[in-house]
Amino acid sequence: MAYQVLARKWRPHNFPEMVGQTHVLRALINALSNNRLHHAYLFTGTRGVGKTTVARILAKSLNCEKEITAYPCGQCAACREIDEGRFVDLIEVDAASRTKVEDTRDLLDNVQYAPTRGRYKIYLIDEVHMLSNHSFNALLKTLEEPPPHVKFLLATTDPQKLPPTILSRCLQFNLKRIPLEQIIQHLTKIAEEEGISYESQALRLLAQAADGSLRDALSLLDQAIAYGAGNLSNDDVSRMLGTLDQNVVLELIKILAAKDAPGVLQQIALISEQNPDFVTILGDILSLLQQIAIAQIVSTTIDTHQQNSEAILQLAQQLSPEDVQLFYQIALLGRRDLPLAPEPRGGFEMLMLRMLAFRPNNEQQPSPTQVIPTASSPAMTAYASPPSVNVPFKPATSPALTNTNNAQNEWGNIVHSLGLPGTIKQLALNCELKKHEGDTWHLTLSPEKKFLLTEDRTQKIEELLQKQLGGPQNVRIRVEHPESETPAIEQQRIAETRQQYIVKAVDKDPFILYLKEKCGALINNVTVLE
């Protein structure tokens, strides 16, 4: 008997055999069980997730000789013929090869006639988005007033290309990518059923390469079995897929964590000798960084039996969460932009060096003219999504802002140390200290701030001064224009000067200049963080 590829041999014949897509299966099973049937169904989703498989199972459910059921028997003539692709009342059409309106009209000319064998005449149109506009118009007329004996099952990977008039007349089901762990479980089951010896990591690599497509996973499994002569080893699968040993990628992250720039370049040189796909390497780096980030939050979720689990837990302690998030963001964006680099290795080297350059240096405080971006910093946000950013900036104290008025400095320091509430503090800050004689404080208050002055507030200042300094304290406030800066005016001047100083510092910062020149970034607002 001729060999049958795994993708066909293991194609599900009923809904319980399906992998994933429970949200779609539940709706279809309930509809069939309650006989609430629509005349047109649209199944959307990426390649290999089960669109046509679901449609064929639905066709069996509708035409099973026993009854309309969510669980077709699989034994009657109708079920067997549908499985074998020779059921006369299941008309399967590849719209990619029959896009002309004449093809569609020829197809629909027989819609009016009753089914030959089955309960329903079913039209399964794959890649329906490939039909021409005239073909859609011809199909629309039938969808508007379909005969009761006809069901349309449409499948597409690109539903955005379907006219709204078609979409509105169909029940739409979006099939999702199959989760990685479900693909691994299914590959494990098949390998055991087929009697294939395997390494768990090899199946994981195949599942990752499938990118959510179960059909691709089975095709890759077929290829890997042939490549390894019936044995699925990690090394063979890595060579077949053109991927690197995970230890090599892990070593690169270790060197990166050690801030060893020469070591990073040396490791990249070793990697390049294997002529790898650097975009694929970035995918491996992203996967490892994700595991490290999870280990930092919930270390118990890491399977200790998994390869490299000990190294992942060690890196989770060595790297800060900010570092991991920063590396992930740079790798994610770099994976998108790497094809634009003049040479893949050079682009990959720049990406790794960017991780080191942008990594926060926790041992030193940044100067006012430095911007050190972190994973969540606005500078990193600017790198990730120009052209418009808001940049908060926390400066060091500038020596140019020192106040030389010792008396007002003394009074301002005292006011801040008293812990005055609300308006009482505003009253004290807007006063100028004229002189301090013994236990008496002579203050002046600008006429514009006279509304702050009350006997209760003055008494409260006296009470807190007494508590702070000991002994009776008397506060005398006279309303007149101050001769020097009050603490409130000084604060305002410092804030304005600091803002101007920081705006200039940010405008001259090399990283910000790079964003403006290369990415077209605009600095909308610079916020000084206290």
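Every number in this text was worked out from the coordinates using simple rules, so none of it is lab data. All of these numbers come straight from a predicted model, not from anything done at the bench. All Cβ positions, even for glycine, are placed from backbone atoms using ideal geometry, and neighbour counts span all protein chains on display.
Just subtract the alpha-carbon distance of VAL5 and ARG36 from 0.36 nm times their residue separation and send over the number in nm, one decimal. Can you show the working numbers first?
Values: separation 31, 0.36 × 31 = 11.16 nm, distance 3.64 nm.
Stretched fully, the VAL5-ARG36 segment lengthens by 7.5 nm.
What does the charge add up to near GLU485, with Lys and Arg as +1, Asp and Glu as -1, over the other residues with Cβ less than 10 Å from its Cβ?
-2
On C-alpha positions alone, give me the angle between the axis of helix 406-418 and the longest principal axis of the chain, in degrees, nearest 10.
50
Full-extension gain between GLU67 and GLU343, please, as 0.36 nm times their residue separation minus the C-alpha to C-alpha distance.
Separation in residues times 0.36 nm, less the Cα-Cα distance, equals 93.1 nm.
Which order do the peptides 489-496, 442-449 take when ranked by the mean count of other beta-carbon atoms within 10 Å per residue, highest first? Please list the in-between numbers first.
Details: 489-496: 14.0, 442-449: 16.5.
By packing density, highest mean first, the sequence is 442-449, 489-496.
Name the long-range amide H neighbours of GLU92: under 5 Å, sequence gap of 5 or more, or other chain; modelled H, no Pro or chain starts.
Those lying under 5 Å, H to H, from GLU92 are LEU124.
Considering the alpha-carbon set of segment 148-215 alone, what are its Rg and its Dmax in angstrom?
17.9, 53
Based on the alpha carbons, how large is the Rg to Rh ratio for segment 404-484 when Rh follows Kirkwood? All intermediate terms of the calculation are to be shown ahead of the outcome.
On the way: Rg = 11.6 Å, Rh = 12.6 Å.
Across segment 404-484, the Cα-based Rg/Rh ratio is 0.92.
Mind listing which GluC sites (Glu not before Pro) in segment 8-70 are in a DSSP loop and have 12 or fewer other Cβ atoms within 10 Å?
Sites meeting the loop and neighbour criteria: GLU67.
State the extension gain, in nm to one decimal, for the chain segment bounded by GLU251 and THR188, taking 0.36 nm per residue of separation less the distance between their alpha-carbons.
Length gained between GLU251 and THR188: 19.8 nm.
Work out the charge dipole of the chain with +1 on the Cβ of Lys and Arg and -1 on the Cβ of Asp and Glu about the Cα centre, then indicate which of LEU58, ALA331, VAL506 is farthest towards its positive end.
Of the options given, the answer is LEU58.
First select every other residue whose beta carbon is under 15 angstrom from the beta carbon of HIS442; then total the charges, Lys and Arg +1, Asp and Glu -1.
Here the count lands on -3.
Provide the FRET efficiency to the nearest 0.05 for the ASN14-SER132 pair, computing r from the beta carbons and using R0 = 35 Å.
0.50
Would you mind getting me the FRET efficiency between GLU145 and ARG86? Use the beta-carbon distance for r and R0 = 30 Å, nearest 0.05.
Between GLU145 and ARG86 the formula returns 0.50.
Which value in deg cm²/dmol, rounded to the nearest 500, describes the helix-derived mean residue ellipticity at 222 nm for the chain, given -39,500 (n - 2.57) per DSSP H run of n ≥ 4 and division by the residue count?
Details: 23 runs with 269 residues, N = 530.
Result for the chain, helices only: -15500 deg cm²/dmol.
Could you state the angle between the C-alpha long axis of helix 200-210 and the longest principal axis of the C-alpha atoms of the chain, as a value from 0 to 90 degrees rounded to the nearest 10?
90
Considering the values [x] 1.01; [y] 1.31; [z] 1.51, which represents Cα Rg over 2.2 N^0.38 Å as calculated for the structure under consideration?
Of the listed options [x] 1.01; [y] 1.31; [z] 1.51, [z] comes from this structure.
Which of the pairs LYS121/LYS176; LYS9/LYS51; LYS51/LYS141; LYS100/LYS141; LYS9/LYS189 have their Cα atoms more than 19 Å apart in this structure?
Beyond 19 Å between Cα atoms: LYS121/LYS176; LYS51/LYS141.
Arranged from highest to lowest average of other beta-carbon atoms within 10 Å per residue, in what order do the peptides 264-276, 224-236 appear?
224-236, 264-276
Could you tell me the calculated FRET efficiency between ASP109 and GLN75, based on Cβ-Cβ distance and R0 = 30 angstrom, to the nearest 0.05? Intermediate results must be reported in sequence, preceding the final value.
Working: r = 34 Å, r/R0 = 1.12.
It comes to 0.35.
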